[in-house]
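In what follows, a structure is listed as structure tokens, so that the remarks can point back to it.
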Amino acid sequence: GMSSGLAMLVTAVLAFRQRSRDRLAPVLLFSALGLFGFVSWMGKVVVHTNLEPLNITVHMLGALALVGGTVVAIVRVRNRTGVTVPATVGSGARWLLGAVLVLALVQIILGTQVREQIDHLGNTSDDCCRDTWISQLTGIFTVHRFTAWALCMLGLAAFLALGAGDKLPSHFNRLRWAVLILLGMEYAAGVVLTRWALPAAVQPVHMMLAAVLFGVLVALAAGSRRRPLPLRASAPADTLPADSPP
Ligand code: HEM
């Protein structure tokens, strides 16, 4: 915790010193640092209040905002310093990407609620009879399983739509593939949790994959821009005389 906090502080200070290149990056990074303090403190509250429901969800959302803000800052700086170029994508693909991002967030909140129930079952049964916990989960678990399926379908649609347009920069294309792979792994981890009585080692894997998926989706959204209107894009070419050299 200490070392990641320090690394974030150094990054934020460096971004502040380079603020003439990008004004938003230091704001994002200092906000992320503030969130880092809040999320760490919330983590302590979560443990002290014996995993009180809601606290886990607030803790999770704080952590995701931290990841999101930092990823946006990284993508902006990389694009502004020429390390990467933003991808130009059609507005349909942008909409799909936004929908996947929102649904992923909903799914993570639902999953956190499922986890709250699991923790409650663990506490009240003194960690006994793990294999009976899944069957004791309430409706939210059914919703979580349905949304998982919907998210995979929407993710696939966004993947295809992003690939159907202009040629994508290679880093962006890798992130596009990562969404598909992460969704598959996340779904598989969920099935393993459900079928094999919540293996303890798979619990953090399922959560980590969700956080990485969220970060990748934010990177795709921040690293793309809408294709300019065809009219504007073709205007300069139209003004060239027909016999001018290429
Ligand atoms: C595909 C997208 C999915 C996402 C983004 C997602 C996300 C999450 C998250 C963030 C949690 C909370 C984990 C924690 O706080 O430790 C969770 C819990 C859970 N999810 Fe999913 N999930 C997905 C799919 C599934 C599927 C397909 C299943 C079952 C077939 C499933 C079963 C579960 C179970 C059983 C828990 C409670 C696990 C625990 O005790 O840690 N999930 N999910």
Pick from Leu29, Leu64: which is modelled with pLDDT of 90 or more, within 16 Å of the ligand (Cβ to nearest atom) and not basic (Lys, Arg)?
-> Leu64
Counting only residues in segment 125-156 that are of a type in the set (Ser, Thr, Tyr) and either assigned to a helix (DSSP H, G or I) or at pLDDT 90 or above (or both), the one surrounded by the fewest Cβ atoms within 10 Å (Cβ to Cβ) is identified as Ser135
So which pairs qualify, if the first residue must be in segment 28-47 and assigned to a helix (DSSP H, G or I), the second must be of a type in the set (Gly, Ala, Ser) and open to solvent by 60 Å² or more (accessible area, probe 1.4 Å), the Cβ gap must be under 8 Å, and the two must be at least 6 apart or on different chains?
-> Ser40/Gly1
Flagged in segment 1-27 as open to solvent by 70 Å² or more (accessible area, probe 1.4 Å) and not in a helix (DSSP H, G or I), in numbering order, are Gly1, Gln18, Arg19, Ser20, Arg21, Arg23
Has segment 64-78 got any residue that is part of a helix (DSSP H, G or I), touching a Lys or Arg at 6+ places or on another chain (Cβ under 6 Å) and not basic (Lys, Arg)?
-> no
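Taking segment 60-96, which residues are within 13 Å of the chain's Cα centre (by Cα) and open to solvent by 20 Å² or more (accessible area, probe 1.4 Å)? Explain how you work it out, then say what you get.
Going residue by residue through segment 60-96, those that are within 13 Å of the chain's Cα centre (by Cα) are 60-72.
Those that are within 13 Å of the chain's Cα centre (by Cα) and open to solvent by 20 Å² or more (accessible area, probe 1.4 Å): Met60, Leu61, Ala63, Ala65, Leu66, Val67, Thr70, Val71, Val72.
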Going through segment 97-114 in order, the residues found to be out of contact with any Gly (no Cβ under 9 Å at 6 or more places or on another chain) and either within 25 Å of Trp133 (Cα to Cα) or surrounded by 21 or more Cβ atoms within 10 Å (Cβ to Cβ) (or both) are Leu97, Leu105, Val106, Gln107, Ile108, Ile109, Leu110, Thr112, Gln113, Val114
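The values are calculated or read from the model by the stated rules, or taken from the named source; none is laboratory data. Not measured: the values here are computed from a predicted model. As a convention, Cβ positions derive from the backbone with ideal geometry for all residues, glycine included, and neighbour counts pool all protein chains shown. Just the protein is used for accessible areas: all its heavy atoms, side chains included, with ligands, DNA and RNA removed. Shrake-Rupley method; radii C 1.70, N 1.55, O 1.52, S 1.80 Å.
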